[in-house]
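Right, one structure below, let's go through it.
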Amino acid sequence: MARSYVREARRRVGPKRARIGPIVERLATEHPDAVIALSFRSEVELLVSVMLSAQTTDVMVNRVTTGLFQKYRRPEDYLAVPLEELERDVRPTGTYRQKAKNIRGAMRMLVEEHDGSVPIRIEELVRLPGVGRKTANVVAAERGATQGIVVDTHVRRLSQRLGLTREDDPAKIEQDLQRIVRKADWARFPHLLIWHGRRICGARSPHCEDCVLADLCPSSRV
Ligand code: SF4
């Protein structure tokens, strides 16, 4: 019963390849301000901000980095203080011991292997301690070197609800999205889904009645 309902809903909205163009365009109109919400002024600050953003809000990260980036300006600065001091400085972002350890490890690798600068290739970024594919994709895209599609919790949820993937694993979801989203849209697409997820299609209560994608979405409740 439930399965035939899903099949019927998918038939109603049509194939994803035909829907993806209108989905991107409508979201771009709806969320013209959909850009990264983290504050940073350099590639090192970008990397640290994204590393701190795991399991917390961008608002909290920005609150912490306002002071943090006054104190730590270059990768060497993160290595010049005791680990406990860095832990204290990032503590409000949660899981602070792991984050401080990873940031120190990443900064050490920047100094020792990259002349203090942040690499641009995904394969090199993911070698940095604590940097997974999602973080690497964000850092590369924000520097104009998009090589993949960022899949965070919002992108995963909305891609599934919109019938763009049946996968649950972020790496497989990214592959599904790469097959249908135009490469020129790889950078902005996740931001559009993230902002739509925050404003309209929340995890617990999607506001389908206010959603510009309702007629394109197999999960629509209206
Ligand atoms: S129609 Fe509903 S479930 Fe589908 S994207 Fe919009 S808010 Fe989310």
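Rule-based calculations on the coordinates, nothing more; no lab input. Keep in mind that this is a model prediction, so the values were computed, not measured. Note that we place each Cβ from the backbone using ideal geometry, even for glycine, and neighbour counts take in every protein chain shown.
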Positive end of the dipole of the chain, charges at C-beta (+1 Lys, Arg; -1 Asp, Glu), about the Cα centre: which of A203, C217, A54 has its Cα farthest in that direction? C217
Limiting things to C-alpha atoms, what are the Rg and the maximum Cα-Cα separation (Dmax) for region 121-222, in angstroms? 14.2, 45
Enter the angle in degrees (range 0 to 90, nearest 10) between the Cα long axis of helix 43-52 and the first principal axis of the Cα atoms of the chain, meaning the one along which they spread out most. 70 degrees
Run the Debye formula on the Cα coordinates of the chain, all scatterers equal and no solvent, and tell me log10 I(q)/I(0) at q = 0.10, 0.14, 0.17 1/Å. -0.50, -0.87, -1.15
Dipole magnitude of region 1-114 about its Cα centre (Cβ charges: Lys, Arg +1; Asp, Glu -1), debye to nearest 20: 920 debye
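If you place +1 on the Cβ of every Lys and Arg and -1 on the Cβ of every Asp and Glu, how big does the dipole about the Cα centre of region 159-222 come out, in debye to the nearest 20?
Here the size comes out at about 120 debye.
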Hey, for a label at D215 modelled as a point 7 Å past Cα toward Cβ, could you say which residues of region 1-41 have their backbone N under 14 Å away? 12-14, 19, 22-23, 26
Acute angle (nearest 10 degrees) that the helix 96-113 long axis makes with the longest principal axis of the chain, alpha-carbon atoms: 70 degrees
Treating the beta-carbon of each Lys and Arg as +1 and of each Asp and Glu as -1, no other charges, what is the dipole magnitude of the chain about its Cα centre, to the nearest 20 debye? 960 debye
Peptides 10-21, 86-97: what's the order by average Cβ count within 10 Å, highest mean first? 86-97, 10-21
Put +1 on the Cβ of each Lys and Arg and -1 on the Cβ of each Asp and Glu in region 28-184; which of P75, V151, A100 then has its Cα farthest toward the positive end of the dipole? V151
Please find the FRET efficiency linking A9 to T57, where r is the Cβ-Cβ separation and R0 is fixed at 35 Å, and quote it to the nearest 0.05. 0.60
Among V118, A136, A171, whose Cα sits farthest toward the positive end of the charge dipole of the chain (+1 at Cβ of Lys/Arg, -1 at Cβ of Asp/Glu, about the Cα centre)? A171
List the residues whose amide H sits under 5 Å from the amide H of C201, counting only those 5 or more places along or on another chain, with H placed 1.01 Å from N in the peptide plane. H207
Between K101 and R121, what length in nm is gained on full extension when 0.36 nm per residue of separation is reduced by their alpha carbon distance? 4.9 nm
